[in-house]
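Contents: one structure, followed by commentary.
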Amino acid sequence: MNDYLLSLLLGIIEGLTEFLPVSSTAHLRIVESLFHISLGDGYWKMYTIVIQLGAILCLPIYFRDRLAQLLSTFPHGAQGDRTALTHPLGLTLIAFLVTAIPAFLLTKVIGKHLESLYIMGASLLLGGVVMWIVDALNSRAERNGPNATGGRIHTWKMEAMSLGQALWVGACQILSAVFPGTSRSMSTIAAGQVAGMSRASALEFSFFLSIPTMVAATGYDLLKSLRGKGANPIGVSQINAHGWEVLAIGFVISFIVAYASVAWFMAWVRKRGFTPFAVYRIVVGALVLAFAAKLST
């Protein structure tokens, strides 16, 4: 396939799947495998990082008004009952640190798993089952709304989150770093729901947490790529004009599609929940496992 068309396709896939609970990493690896893109090629490794940055950039722009509102109330909160540690921005930083330190220490383990279709398929399938069960358990409380008593949900807005919930969500996010296919958004959304958060509050916190998490992860990988550092250098220091054009296409397309995807996902979840995404994960996970088994024979 022409490099420009391939970049267009990969940018669309990255933008569509980065913030949906279906694992962008797994989808990109599957497409790269189908089109025989070498995962050992330094340029395409860098390309994957760059288009992820394009998707990440859409979040601070999409949530600019919400970010401004939270910044204006830091550290005491809109109700004056928060501290620097319990304000939503403080909780986001804490959850990020809970994820970042173990993920950094497990870098070698993560690298070994990134190319395993078996791990991706199993993670997609099991994650879909978990998401389906958790969302089903909370569906009645979601229908009853915040005015009902005795339901599983007790945190309807991100401003009402506790320190314990942030620690729990950050710890669960580690799974997505270690096992590609788990999906960062799936692990954080499901973790929030298990901890008593509503779909909307869990989703919003997942988006906010993804900003520092993904900037740090992709920024670190990009720096290594440009310098050719690490036990297995994954990057290149020189890119020709054609290479820059391909990168630019993927970056811009990923940003545009991700922005539209976030807007649609926020509206969808408030009314319908996560079950369709869980079913999709289960189906794709089963197909990936079958594809991996076929490749190994």
**OP:** Keeping to the range 11-20, report how many residues are open to solvent by less than 30 Å² (accessible area, probe 1.4 Å) and out of contact with any Leu (no Cβ under 9 Å at 6 or more places or on another chain).
**Re:** 4
Original post:
So, of the residues in the range 92-117 that are outside any helix (DSSP H, G or I), open to solvent by 50 Å² or more (accessible area, probe 1.4 Å) and out of contact with any Ser or Thr (no Cβ under 8 Å at 6 or more places or on another chain), which turns out to be modelled with the highest pLDDT?
Top reply: Leu106
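From Ser33, Ser72, which residue is more than 30 Å from Gly127 (Cα to Cα), of a type in the set (Gly, Ala, Ser) and surrounded by fewer than 22 Cβ atoms within 10 Å (Cβ to Cβ)?
Values: Ser33 fails: more than 30 Å from Gly127 (Cα to Cα).
Going through Ser33, Ser72 in turn, just one is more than 30 Å from Gly127 (Cα to Cα), of a type in the set (Gly, Ala, Ser) and surrounded by fewer than 22 Cβ atoms within 10 Å (Cβ to Cβ): Ser72.
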Original post:
Do we have Gly196 as surrounded by 15 or more Cβ atoms within 10 Å (Cβ to Cβ), under 16 Å from the mean Cα position of the chain (by Cα) and either modelled with pLDDT of 95 or more or on the phi > 0 side of the Ramachandran plot (or both) here?
Top reply: no
Original post:
What is the one condition in (1) touching a residue at least 60 places away in the same chain (Cβ under 8 Å); (2) part of a helix (DSSP H, G or I); (3) not aromatic (Phe, Trp, Tyr) that Ala78 does not satisfy?
Top reply: (2)
**OP:** Determine the pairs where a residue that is free of Cβ contacts under 8 Å to residues at least 60 places away in the same chain and more than 17 Å from Ile256 (Cα to Cα), located within the range 1-15, has a partner that is open to solvent by 10 Å² or more (accessible area, probe 1.4 Å) and assigned to a helix (DSSP H, G or I) with Cβ atoms under 8 Å apart, the partner being 6 or more residues away or on another chain.
**Re:** Met1/Leu9
**OP:** Please find, within the range 139-174, the residue that is most open to solvent (accessible area, probe 1.4 Å) out of those that are free of Cβ contacts under 8 Å to residues at least 40 places away in the same chain and part of a loop (DSSP other than H, G, I, E, B).
**Re:** Asn147
Original post:
Would it be correct to say that Met120 is crowded, with 22+ Cβ neighbours inside 10 Å, farther than 30 Å from Phe74 by Cα and not charged (D, E, K, R)?
Top reply: yes
Original post:
Considering Ala190, Ala177, which residue is within 17 Å of Trp268 (Cα to Cα) and either open to solvent by 10 Å² or more (accessible area, probe 1.4 Å) or under 16 Å from the mean Cα position of the chain (by Cα) (or both)?
Top reply: Ala190
Subject >> Cross-chain or 6+ apart pairs with Cβ under 8 Å, the range 254-265 first and at positive phi, then open to solvent by less than 60 Å² (accessible area, probe 1.4 Å) and at pLDDT 95 or above >> reply: none
**OP:** State yes or no: is Ala166 over 15 Å from the mean Cα position of the chain (by Cα), modelled with pLDDT of 90 or more and hydrophobic (A, V, I, L, M, F, W, C)?
**Re:** yes
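The values are calculated or read from the model by the stated rules, or taken from the named source; none is laboratory data. No experiment lies behind these values; they were computed from the predicted model shown. Glycine gets a Cβ as well: all are built from the backbone with ideal geometry, and neighbour counts include every protein chain shown. For accessibility, only protein heavy atoms count, side chains too; no ligands or nucleic acids. Shrake-Rupley method; radii C 1.70, N 1.55, O 1.52, S 1.80 Å.
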